[in-house]
Amino acid sequence: MLIELVAMRMCGHAHHDDMLYLGKDPQPSWSYPSLTEGGYANRDLWDYWCRKDPIETYATRLAADGVIGSGDLEKWKREAEELVEREARAVIEAPWPDAALAAVMWLRGKSVACALKFWMRASEGAPPRSAAPH
């Protein structure tokens, strides 16, 4: 089976993308922001793809088929926002990890011998090179 997806990128590549093709850096939202005078995105294409929003179109279809009730989509959006806020707050408030643990995680994909070499060199009283596993 082959599935072809044709779409338009409606937001930045990542958090560092200022989205100047919209003419401004929009606030997070469930709907697509409007283009402004400074934006260079094609307005007709932008409007076309905004109407094809998969969340809205699928929710409309599910509601029409009686799968979800009125207000379900808004309720789920609120729940998602609360979850993201709660988890983001937990990350912000969490202590920084131990630097030694970070080194181990970096080496996770490497061989055990390589990890042992690094760990032994990084620790106090690192053994002579010949004593480290190869």
Report the residue count in the range 23-51 for those that are loosely packed, with under 13 Cβ neighbours inside 10 Å and not in a helix (DSSP H, G or I). 11
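One line per residue, one yes/no per condition, for (1) at pLDDT 70 or above; (2) surrounded by fewer than 10 Cβ atoms within 10 Å (Cβ to Cβ); (3) more than 30 Å from GLN27 (Cβ to Cβ):
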position	(1), (2), (3)
VAL67	yes, no, yes
ARG89	yes, no, no
GLU93	yes, yes, no
TRP96	yes, yes, no
ALA102	no, no, yes
SER111	no, no, yes
CYS114	no, no, yes
List the pairs whose first member sits in the range 52-75 and is at positive phi, whose second member is assigned to a loop (DSSP other than H, G, I, E, B) and among the polar types (S, T, N, Q), and whose Cβ atoms are under 8 Å apart, counting only residues at least 6 apart or on separate chains? none
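The values are calculated or read from the model by the stated rules, or taken from the named source; none is laboratory data. This structure is a prediction, so every number in the text was calculated from the model and none was measured. Reconstructed Cβ throughout: ideal geometry from the backbone, glycine too, with neighbour counts over all protein chains shown.
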